[in-house]
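Please treat every number below as a calculation from the coordinates, not as lab data. Computed from a prediction, not measured in an experiment: that's the story for all the values here. No Cβ is skipped: glycine too gets one built from the backbone with ideal geometry, and neighbour counts run over all protein chains shown.
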Amino acid sequence: MPKIKTNRAIAKRFKKTAKGGLKSANAFTSHRFHGKTKKQRRQLRGTSMTGATMTKKYTHLLHK
């Protein structure tokens, strides 16, 4: 049986945490900031955790 390859698109966008969760950068941070409040822009700076339902799917694709 061959080894399962890691999905490279997922590997570039998500990092696995010590407890098995997935973190990624936030969307909506590239342009059009004039329509967003200062609070929105500040909260979009960091990373965010992926929800439980998507974590299960993405972890399978990561194979780490």
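Is there a residue being among the charged types (D, E, K, R) and touching a His at 6+ places or on another chain (Cβ under 9 Å) anywhere in region 16-35? No: zero hits. Which residues, taken from region 4-32, are closer than 16 Å to K57 by Cβ and of a type in the set (A, V, I, L, M)? Matches in region 4-32: I4, A9, I10, A11, L22.
Within region 3-56, the set of residues being in contact (Cβ under 8 Å) with a residue 12 or more places away in the chain and of a type in the set (F, W, Y) comprises F14, F28. Consider region 15-64. How many of its residues are of a type in the set (V, I, T) and closer than 23 Å to K3 by Cα? Counting residues in region 15-64 that are of a type in the set (V, I, T) and closer than 23 Å to K3 by Cα gives 2. When the helices (runs of 4 or more DSSP H) confined to the chain are screened for residues that are hydroxyl-bearing (S, T, Y) and surrounded by fewer than 13 Cβ atoms within 10 Å (Cβ to Cβ), those reaching at least 1 such residues are found at 52-62.
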